[in-house]
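The values are calculated or read from the model by the stated rules, or taken from the named source; none is laboratory data. Computed from a predicted model, the values in this text were never measured in an experiment. Methodologically, a virtual Cβ is constructed for each residue, glycine included, from the backbone with ideal geometry; neighbour enumeration extends over all protein chains shown. Ligands, DNA and RNA are stripped out before the accessible areas are found, and what is left, the full protein with its side chains, is counted by its heavy atoms. Shrake-Rupley method; radii C 1.70, N 1.55, O 1.52, S 1.80 Å.
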Amino acid sequence: MDSLSGMDNAAPQGWRRMRERLVRRILPRSLLGRMLLIGFIPLLATQAISLELFYGHYLQVVSRRLSGDLATTISMTLDMLERYPAPADRQWILEDAGRRAGLVMTLHEGESLHRRGSNHVLGPIDEDLAHDLQAAVRWPTFVDWKQAHHRVMIAVQTPIGVLQVVVLRKRLVVAPVWLFVAWASGSALLLFLIAALFMRNQVRAIRRLARAAELFGLGRDTVPIVPEGAQEIRKAAIAFNRMRERINRFVEQRTTVLAGVSHDLRTPLTRLRLSLAMLPREGRVEAVSLQPDIADMIGDIGEMEHMIEGYLSFARGEGAETPVVIRVEDMFDEIVVTLRRMGAQAAIGALTPGLVMTGRPNALRRVLSNVAENARRHAGRIVLSAEKGRRQVVLYVDDDGCGVEESRREHVFRPFESGAAGGTGLGLAIARDIIHAHGGHIGLETSPLGGARVRIVLPN
């Protein structure tokens with residue numbers, strides 16, 4: 001029973017997800033497109049309703065009355081022609097009826113009607129006239145709407161011949177349908193363009209706010225946003241400027257404190273190093289016996305300085321550097337030269353020619369140095385490569401070492417996670433902090449060389 005109820009619940013959820021995907025495909029993705037759609041649909045519905053009210057009700061009523069009057073006039077004329085068959089009477093009836101009703105009536109004796117019905121025009125008047133003639137006249141009729149531009153030709157088959165009636169089109173047509181359609185469409189288009197202009201100005205302010213937030217998140221600090229647009233957008237811009245000022249002030253204060261801490265910690269370490277350097281190293285038995293201890297203490301002081309520098313770099317995050325355009329090939333050359341000096345077998349692999357990116361050069365160089373240093377300690381061969389993606393640059397650092405287990409690939413980026421003796425465990429943590437400050441991502445994968453691959457994705 002539980003499985004059946006689960007299947008029953010899964011079916012509505014599946015339909016709901018399918019409906020949501022369909023709606024997302026149909027609706028515009030941008031805010032401007034959705035706002036224009038919100039304004040366009042009611043405007044279109046309003047014009048459609050007005051068109052239906054005018055042409056579906058008023059025009060049909062007027063059209064039926066006009067066509068009914070004309071059909072009645074023709075029917076009465078035919079009845080009088082049938083009642084007074086003398087030629088003189090017929091001629092007088094046709095002239096008098098035509099003069100009184102504003103028609104031109106001609107009787108063609110002995111002729112027959114070749115066409116029946118009506119050719120159609122835009123609007124309900126053609127159907128109404130054909131229907132009224134069929135109801136009022138008992139003989140076949142034909143209405144020609146297209147023979148003359150300003151006139152309508154009506155032919156009636158009578159027992160003695162064909163009665164031709166010429167009537168002005170303006171007696172039957174209230175107003176041209178295309179004129180009303182053009183007016184409705186033109187006014188709707190004009191109102192839509194005006195609304196689009198105002199909406200575009202509002203969306204432009206939102207886009208500027210979103211762009212400033214994106215750049216600030218990527219570490220590319222910009223000037224404060226000028227509040228513009230609607231009241232809510234202005235409040236959001238003012239709130240963003242205040243947030244930006246608070247964050248910059250916090251980072252500046254933290255950097256100042258860290259600089260003071262660095263100075264206070266390095267000063268006693270420097271004094272200790274000088275004191276150890278000034279100790280006698282030759283001549284006395286006590287000095288000779290103390291030389292191994294002095295060397296160990298100097299090594300400990302160097303390691304403490306290295307640890308302090310790592311802690312400060314991790315806390316500082318290299319955030320004070322100004323982003324510039326960087327040539328990836330030049331940065332790779334510097335890293336490879338440094339690795340070769342340290343005895344590593346390093347090379348540059350596949351690289352898109354002329355590849356550039358925007359970032360903090362010293363910070364990114366520190367990231368690649370930390371990653372390459374880890375690779376040098378665990379592998380013999382290191383290859384740096386890069387490729388250009390969609391609005392991003394992807395950097396790869398491959399090695400032929402033992403690699404990293406998949407279960408530990410996320411843990412190695414945590415602070416103080418060190419897999420080597422004597423390490424501080426801050427190298428990859430600093431690297432991830434710098435990459436995140438650039439709005440990018442860093443992760444571990446399996447390298448084509450058999451070891452570990454560090455994949456760095458940076459926006460461009």
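A few comments on the model shown:
- The R211 and L32 beta-carbon pair, evaluated with R₀ = 25 Å, returns a calculated FRET efficiency of approximately 0.95.
- Whole-Hz ³J(HN,Hα) from phi, Karplus 6.51 cos²θ - 1.76 cosθ + 1.60, for segment 40-54, glycine and proline x: 7, 5, x, 5, 5, 5, 5, 5, 5, 5, 5, 5, 5, 5, 6
- Less than 5 angstrom separates the built amide H of E111 from those of V162, all sequence-distant by 5 or more or on a different chain.
- Residue by residue, segment 72-85 carries 3J(HN,Hα) couplings of 5, 4, 5, 5, 5, 5, 5, 5, 5, 5, 6, 7, 10, x Hz when phi is fed to the Karplus relation 6.51 cos²θ - 1.76 cosθ + 1.60 (θ = phi - 60°); x denotes Gly or Pro.
- Which of L190, L368 is most accessible, then next, and so on - probe 1.4 Å: L190, L368
- Simple label model, 7 Å out from Cα along Cβ direction - A88 to L191, nm: 6.6
- Based on Cα atoms of segment 81-204, Rg over Rh with Rh as the Kirkwood radius reads 1.28.
- Proximal lysines to K170, defined as alpha-carbon separation beneath 18 angstrom and excluding residues fewer than eight positions away on the same chain: K146
- Accessible area, probe 1.4 Å, largest first, for residues T338, T158: T338, T158
- At 0.890 mPa s and 25 °C, Stokes diffusion of segment 320-459 via Kirkwood alpha-carbon radius, µm² per second: 163
- Accessible surface ranking for E232, E387, E410, E373, 1.4 angstrom probe, highest first: E232, E410, E387, E373.
- Distance from segment 135-159 to segment 342-414 (C-alpha centre basis), Å: 89
- Across segment 203-212, coupling constants 3J(HN,Hα) worked out from phi with the 6.51/-1.76/1.60 Karplus curve, θ = phi - 60°, read 5, 4, 5, 5, 5, 5, 5, 5, 5, 5 Hz, and Gly and Pro carry x.
- Annotation for R138 and T446: the two label points, set 7 Å from Cα along the Cα-Cβ direction, are 9.8 nm apart.
- Amide H contacts of A452: D399, G401, G403, S447, each under 5 Å away and 5 or more positions distant or on a separate chain (H built 1.01 Å from N in the peptide plane; Pro and chain starts excluded).
- Summarising the amide proton neighbourhood of T358: residues at separation of 5 or more, or on other chains, whose placed amide H is nearer than 5 Å comprise I326.
- The label-point distance for M243 and S407, in a model that sets each label 7 Å from Cα toward Cβ, rounds to 4.0 nm.
- Paramagnetic reach from E334 in segment 354-374 [backbone N under 11 Å; point 7 Å along Cα→Cβ]: 360-369
- Potential lengthening of the chain between R115 and V324 amounts to 66.9 nm, from the contour at 0.36 nm per residue minus the alpha-carbon distance.
- Calculated FRET value between T106 and K146, using beta carbons and R₀ = 22 Å, to 0.05: 0.65
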